[in-house]
Amino acid sequence: MKKLQLLILIFLLSISVCEAQKKIKREGMYSAYLYSVEGPEDYNLDSVNSVCEDPIIKIDWDYAYSQIGFELTNKSDQTIKILWDDAAYISMSNESGRVFHKGVKYIDRENSQPPTSIYKNTTLSDLISPTANTRYVSGQYGGWVSSPLIPVPQGAFSNKIEYREDLLDKTMKVVLPIKIGDEVHEYIFSFKTEFVEKRNKKSSDDLYR
């Protein structure tokens, strides 16, 4: 009888452990929004739309899984330059590293990158990605792969993703030095992580914060 009770207890404990180890999944996706900026003294911040504007630039950010896209408008009357070799990405674990941007080949991502010029009253569409997050995988189905900035992989055939509260409200940063004339303005854009739930509608694109 005691052996039977012991077996039942072990069985119940194993069920409890399995249940505890199950990953909670939700329909939606992880994202990040701009919530603070360091550098300019006089700027306007729209955290809802991840837009920052000062007398020199207007920049609109868009989180995209393994990279962060942006549109940068030069509001000044001079050509400005993004100094890519001095730019950086600071991860959620506060690790700083180099970045590469659109047009740079994966194999060249660690090499020196020339500045990008943005002429007055024009807009640049670009993106940044940490060099450390991209690697080459060998084998029949290998190739270049990029890890997500928020370390939870998105399923290829499901709208559901692992939900982890420990990944929410974390900070990641982009350091973007911009040169105008002989002066370099170092902008530090800070982003806060969030989980964007999917609405209970037919459209898979109908998401809200």
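Points worth noting:
- Over 23 Å between alpha carbons, listed pairs Lys170/Lys198; Lys58/Lys192; Lys75/Lys179; Lys81/Lys170; Lys102/Lys179: Lys81/Lys170
- Quarter of the Cα convex hull surface for the range 24-78, i.e. its orientation-mean projected area (nm²): 5.1 nm²
Bear in mind these aren't lab numbers, they're just calculated from the coordinates by the rules spelled out. All figures in this text were calculated on a predicted structure; none of them were measured in a lab.
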